[in-house]
1. Looking at the square roots a ≥ b ≥ c of the eigenvalues of the Cα gyration tensor of region 177-291, which shape do they give, rounded for a/c under 1.5, prolate if a/b is larger than b/c, or oblate?
2. Would you mind calculating the gained length between R134 and Q383 on full extension (0.36 nm times residue separation, minus the Cα-Cα distance), in nm to one decimal?
3. If you average the alpha carbon positions of region 225-275 and of region 285-312, how far apart do those two centres end up, in angstrom?
4. If I model a spin label as a point 7 Å beyond the Cα along the Cα-Cβ vector, how far apart are those points for A206 and T341 in nm?
5. How long, wide and thick is region 135-183, going by the Cα atoms along their three principal axes, in whole angstroms, largest first?
6. Dividing the Cα convex hull volume of region 113-227 by residue count, how many Å³ per residue is that?
7. With an 8 Å cut-off on Cα pairs and a minimum separation of 6 or more residues, tell me the relative contact order of the chain in percent.
8. Among Q153, L243, A265, whose Cα projects farthest towards the positive end of the dipole of the chain, with charges put on the beta-carbon of Lys, Arg (+1) and Asp, Glu (-1)?
Amino acid sequence: MAMFEFGKDLRKLFVQARESEDLGWLELVSVDLLAREARDLTTDGGRVSCERPSRTWQRASVMWREHARRSGQADSIARALTTANDALAAARSDDDRVRAVLARSMALLTRFDLFGDTDALAEAGQAARSATPRRLATLASSAGVHARIRARQARLSDKAADRLDAAALTDSALHALQRHNPGEADDLRLEGAALALESGILQRDARMLDQAGRDLQALVVACSPDTRPLTRARALTLCAAGLSALATMAGDADAMEAGHVMFDAAADQFTPDHSPLDWVAIQIARAVDPAAPTGPLVQAERLISGRGTVLGGLALDLLVSREVAAAAGDGDLMTLARIQTRIRRRLAERAGPPAVFDWAVDQIAMARVMIARSTLIGSSPDQAAFILTEAAEAAQHHGVPVLADRARGLIASLSRGPGPYPPSATNGPFRKPGLA
């Protein structure tokens with residue numbers, strides 16, 4: 001009886017929340033329950049009895065997008081795009097048309113975050129530009145979408161001026177959202193803090209770092225673990241990643257330990273099955289520190305392997321890097337040969353031509369083995385620099401600058417000449433790889 005009553009209460013929660021503009025309640029439900037609600041809304045939008053099919057399908061698109069963001073399922077992004085198109089076709093007012101177009105743009109943006117591909121980012125920008133909102137709330141939402149797109153473009157350009165422009169656009173959009181659509185403000189505040197944090201580290205700008213830290217701390221305080229666990233965890237992860245990067249620069253062991261504590265606090269906000277990709281992102285950010293345990297990274301890679309996500313590729317690259325570094329440190333040529341064979345087998349067993357991102361991950365893995373072997377036997381890794389240059393260009397063009405940075409770090413290690421396998425090859429400047 002108690003379970004039955006709980007089910008009724010849960011359904012009431014969904015019914016009440018469907019009409020709410022604030023979707024923060026989605027953070028409380030599991031990824032499976034989120035998919036079920038998205039399916040129900042998709043079906044409801046097609047019913048003859050549905051009073052507002054465009055708005056219902058637009059909400060379904062938001063649900064599918066959030067499911068993809070938390071699960072890494074490509075099918076969910078496809079459904080988010082389909083329901084956004086259905087919402088546009090059923091729209092009877094200018095506001096509904098704008099909402100549908102923005103839903104499509106956000107779905108494309110999420111596809112870029114999860115799977116890379118700058119074509120998806122460009123298409124998201126085209127969709128957003130086609131929206132002509134008139135209501136203030138919809139205008140604020142449109143400004144938020146434009147700011148998100150601009151921030152990603154700025155990260156790919158790596159120009160300080162582009163980052164400053166993106167930060168200014170984000171601040172302007174945040175003010176509009178806080179006044180007219182506060183339910184969407186937290187996500188954009190996270191993205192703005194991530195951009196400021198990354199820019200501050202790259203430019204060694206104490207003012208940017210201080211501002212990013214204050215924004216993130218305010219967000220952590222404002223988000224209760226009982227009501228907004230994912231937003232709180234994402235903010236804690238950014239705090240920890242920024243602190244760890246600064247500690248590495250300064251060689252501050254105490255600050256590094258404080259970063260580890262923050263990572264643990266972020267991971268404790270939810271279980272891996274509640275939001276798999278958020279949990280994986282935490283483990284990847286933590287594993288950039290070579291001293292971090294390997295077990296959680298192995299679990300993270302297994303959790304999302306085979307889905308073609310950026311996070312999955314980054315996790316695999318970190319694992320290969322650690323394996324190669326350990327074998328090189330032990331002088332174990334046999335283990336290096338086994339790693340190389342495994343990489344070649346993965347290349348041979350992949351069906352069809354490799355995706356750009358998968359190809360770049362495999363090429364960097366092969367180059368890591370070549371560099372380690374040449375260091376041990378005293379030869380020159382003749383092809384490694386060429387392989388890494390092509391991999392870096394492919395990763396950058398595909399929209400994954402963090403992987404390009406890792407490849408460039410390895411190229412830089414080659415220019416320093418023979419020596420121990422560089423632990424710095426596992427990291428690079430702090431970036432937020434697709435976490436929203």
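The values are calculated or read from the model by the stated rules, or taken from the named source; none is laboratory data. Computed from a predicted structure; not experimentally measured. Cβ coordinates were reconstructed from backbone atoms using ideal geometry, including for glycine residues, and neighbour counts include every protein chain displayed. The accessibility values were calculated without ligands, DNA or RNA, using every heavy atom of the protein model including side chains. Shrake-Rupley method; radii C 1.70, N 1.55, O 1.52, S 1.80 Å.
1. Numbers: a/c = 2.11, a/b = 1.18, b/c = 1.78.
Oblate.
2. Values: separation 249, 0.36 × 249 = 89.64 nm, distance 5.67 nm.
Between R134 and Q383, full extension yields 84.0 nm more.
3. 15
4. Going from the A206 label point to the T341 one covers 5.5 nm.
5. 33, 15, 13
6. Working: hull volume 13.4 nm³, N = 115.
So the per-residue Cα hull volume is 116 Å³.
7. 13
8. Highest projection toward the positive end goes to Q153.
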